[in-house]
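**Student:** The structure under discussion is supplied below as structure tokens; questions concerning it will follow.
The values are calculated or read from the model by the stated rules, or taken from the named source; none is laboratory data. This structure is a prediction, so every number in the text was calculated from the model and none was measured. Backbone-built Cβ (ideal geometry, glycine too); neighbour counts: all protein chains shown. Calculation scope for accessible area: heavy atoms of the full protein, side chains included, ligands and nucleic acids excluded. Shrake-Rupley method; radii C 1.70, N 1.55, O 1.52, S 1.80 Å.
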Amino acid sequence: MKIKVALIGNPNVGKSLIFNNLTGGRSHIGNWPGKTVEKKEGRCIYNGVEMEIIDLPGVYSLTAQSIDELIARDYIIEEKPDIVIDIADASNLERNLYLTLQLMELEVKLILVLNKMDIAENLGYNIDVEALSKKLGIPIVTTIATEGKGMDELKKIIAESIHREWKAKKISYGREIDELIFKFEKLIAVERQFSTKYPTRWLAIKILERDEDILKKIKKSRNLDEILKNIDESIKVLGDEPDVALAEKRYEWISSILPQVLKGIRPVTLSDMLDKVFLDKHLGIPIFLSLWWSLFRFTYDVSAPLSDLIDIFFNRLGDIVKEYISNEQLASFIADGILGGIGGVLVFLPSILFLFFGLSILEDSGYLARAAFVMDKLMYKLGLNGRSFIPILLGFGCNVPAIMATRTIKNEKDRVLTIVVNPLISCSARLPVYILIGGAVLGEYATAGVYSMYILGIVLAVSMALLFRRIIPFFKSGRTPFIMELPMYAKPILKTTVIHMWERGSLFLRKAGTIIFLGVISVWFLSTHPWGSPIEETYIAILGKILEPLFYPLGFDWRGAVALFFGFIAKEIVVGAFSIFFGFGGEGEEESLKQYIRTHKIFTPLTGYAFMAFTLTYIPCIATLGAIYRETGSWKWVLFTVTYELILAYTVAFTIVTAGHLLGFT
């Protein structure tokens, strides 16, 4: 027998871990139809029952104000899974039971899983599971997902649900509101197009809350006039914000049962004491900047020996190719094109992996959520929603998932604004360029130069957001407050941290084997043909000299112009292009390449720094532009992003060069 099971829960409750425990880590990952939101499906067989398990997006409610909430709600309503598993954090029952009540209103066959029972017990909480089960009218399973405890019991209850029936209790909202709900129920119940598809009480509650998605659906109702009249009359009872009034009633109900099922007083924890320091209004931002500086110091210094080893490897390999392959053109293709391009990029793999390792530690420890909270007030003043800081943090790894993460921003104007400024956040693909140019011309200030690019990216992103908020009518209103739940601090688990590092860093390797490979081969071909010509007479020089006048005021020659041109495909190609231009193809020698740039004065410290800033700011890579289109559904915002970033990049680089000359730098 086969049944369909949906997993749902608040973010950070251990839902994904329980999904992996149930499916054995075997899953199929795709996208929800018409969306870029990840859809994860898996299977589990227990006592002859095959379970098709769907991991729904993490949500705090089912109000359908965000894409995630709408997907989760629509799946439960339209697909009608046999069982819905609501996973709650046992150490934060009050907040988590809110979603449970909304699922109970949907009249689904519901099982509540209380996860993180070990944390709840450590906090001194004692939950009367049996009493809570009776209050809600649904079965409850307790689990500790990190240790795999409770999984067998959960599988057993799911399998037995085929032969068991239960129904969640109805929640009373008080006499006046219950009467309003009953009025809407009567109007809906007589129309089969609604009564056969939706639970009538739930539909009535959504109408009462003035849920936009539901109000669109009921426009076909023959009782529409009567429904709208009742909605107007409900203002006398619920006021202008009925959704807030009903939310308060839900929390009142939760508060009324908690003393009967939950015993214990939460003690002052280490997390509380750390938050007094990390969230302090005076210390919070300096601590954040200090940790960010330490992260990049760690990335730059610790990765250096491994980068040297990769240098040596490609050096030896390039020598072998040139020694044993007699065909000059083939030897050049392999040594200068493949090894020089890909090798010149892979030399920066250790830097990128260590960056992700550090980010994973900050994330797994619980600090990144605090960083978003600390920056919220500043972000709001500078024109961005507090939720925008999460995608900005993700942008330090890669702008593509960062742009996809904006779907958690409920307001469309806030979401689009965050999307169009996110490419200004310095992703890991730009790091190799900073390390190469900074290491070549900035000397002992190389680390500070690299770090400043990340700070400049943040400054430009919030500055442009503030500017767009003021001058573009679409963005002039609509900001919403930032609400997030801070997880408790935790000791990062090395295995998990390494997995996160590899999952994110492997994207760089995949790009190196596909997009970057094709890009550097193109650069090699254009820079060696017509075959035998000096590089100044090749096809790539012709292209570069067409572009050179545009970049002459910035101090970039034709090689810098061409490297930036191909950087549109992927920013890592900029480094591969320089490796080929300057004849380090076979070796992939990072230090030799830096030395060549320095001694031949390809860049001065001033123009080199301007080149780094231009690389940070100009047109995003192809993958990022694709993500912008998918998330906004419009080429208008893609074109807008490309245009303003090109103008901004030129302005920033020109300002750096001009200001430097005025200050006496060369």
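**Student:** Mind listing just one residue for me: the one in the range 261-286 that is assigned to a helix (DSSP H, G or I) and without any contact (Cβ under 8 Å) to a residue 60 or more places away in the chain and, of those, nearest to residue 449 (Cα to Cα)?
**Tutor:** It comes out as 286.
**Student:** Right, something else. So residue 290 ticks every box in (1) under 30 Å from residue 499 (Cα atoms); (2) at pLDDT below 85; (3) open to solvent by 30 Å² or more (accessible area, probe 1.4 Å) but one. Which box is left unticked?
**Tutor:** So the condition that residue 290 fails would be (2).
**Student:** Restricted to the range 407-427, and to residues that are open to solvent by 10 Å² or more (accessible area, probe 1.4 Å) and part of a helix (DSSP H, G or I), which residue is modelled with the lowest pLDDT?
**Tutor:** Per the stated criteria, the residue is 408.
**Student:** Where in the range 149-255 are there helices (runs of 4 or more DSSP H), lying wholly inside it, with at least 1 residues that are touching a residue at least 60 places away in the same chain (Cβ under 8 Å)?
**Tutor:** 151-160, 175-189, 200-208, 212-217, 224-238
**Student:** Continuing with this model, one more query. Return the residues of the range 429-465 that are of a type outside the set (Val, Ile, Thr), open to solvent by 10 Å² or more (accessible area, probe 1.4 Å) and at negative phi; say none if nothing qualifies.
**Tutor:** 439, 442, 444, 445, 448, 451, 452, 456, 460, 463, 464
**Student:** What residue, among those in the range 59-79 that are open to solvent by 30 Å² or more (accessible area, probe 1.4 Å) and in contact (Cβ under 8 Å) with a residue 12 or more places away in the chain, is farthest from residue 251 (Cα to Cα)?
**Tutor:** Residue satisfying both the conditions and the ranking: 79.
**Student:** What residue, among those in the range 581-595 that are closer than 23 Å to residue 323 by Cβ and open to solvent by less than 20 Å² (accessible area, probe 1.4 Å), is modelled with the highest pLDDT?
**Tutor:** That would be 593.
**Student:** I'd like to know if the range 193-211 contains one or more residues that are closer than 15 Å to residue 62 by Cα, of a type in the set (Asp, Glu), loosely packed, with under 14 Cβ neighbours inside 10 Å and not assigned by TED's automatic domain parsing to the domain that holds residue 61.
**Tutor:** Within the range 193-211, not a single residue is closer than 15 Å to residue 62 by Cα, of a type in the set (Asp, Glu), loosely packed, with under 14 Cβ neighbours inside 10 Å and not assigned by TED's automatic domain parsing to the domain that holds residue 61.
**Student:** Filter the range 88-101 down to residues that are in contact with a Ser or Thr (Cβ under 8 Å, 6 or more places away or on another chain) and crowded, with 21+ Cβ neighbours inside 10 Å and give me whichever is farthest from residue 126 (Cα to Cα).
**Tutor:** Ranking the candidates gives 99 first.
**Student:** Next question. Can you tell me which residue within the range 43-58, out of those that are in contact with a Gly (Cβ under 8 Å, 6 or more places away or on another chain) and of a type outside the set (D, E, K, R), is surrounded by the fewest Cβ atoms within 10 Å (Cβ to Cβ)?
**Tutor:** Applying the filter and picking the extreme gives 58.
**Student:** Tally up the residues in the range 122-162 that are open to solvent by 40 Å² or more (accessible area, probe 1.4 Å) and among the aliphatic types (A, V, I, L, M), please.
**Tutor:** Qualifying residue count, the range 122-162: 1.
**Student:** Of the residues 229, 186, which is under 27 Å from residue 251 (Cα atoms), assigned by TED's automatic domain parsing to the domain that holds residue 247 and open to solvent by 80 Å² or more (accessible area, probe 1.4 Å)?
**Tutor:** 186
**Student:** What tally of residues in the range 624-666 results from selecting those that are open to solvent by 70 Å² or more (accessible area, probe 1.4 Å) and either touching a Gly at 6+ places or on another chain (Cβ under 6 Å) or not in a helix (DSSP H, G or I) (or both)?
**Tutor:** Residues flagged as open to solvent by 70 Å² or more (accessible area, probe 1.4 Å) and either touching a Gly at 6+ places or on another chain (Cβ under 6 Å) or not in a helix (DSSP H, G or I) (or both) within the range 624-666 amount to 3.
**Student:** In the range 428-452, what residues are aliphatic (A, V, I, L, M) and assigned to a helix (DSSP H, G or I)?
**Tutor:** Residues satisfying the conditions are 429, 431, 433, 435, 436, 437, 440, 441, 446, 448, 450.
**Student:** All but one of (1) in a helix (DSSP H, G or I); (2) over 30 Å from residue 412 (Cα atoms); (3) in contact (Cβ under 8 Å) with a residue 60 or more places away in the chain; (4) not charged (D, E, K, R) hold for residue 603; state the number of the condition that does not hold.
**Tutor:** Residue 603 satisfies all of (1) in a helix (DSSP H, G or I); (2) over 30 Å from residue 412 (Cα atoms); (3) in contact (Cβ under 8 Å) with a residue 60 or more places away in the chain; (4) not charged (D, E, K, R) except (1).
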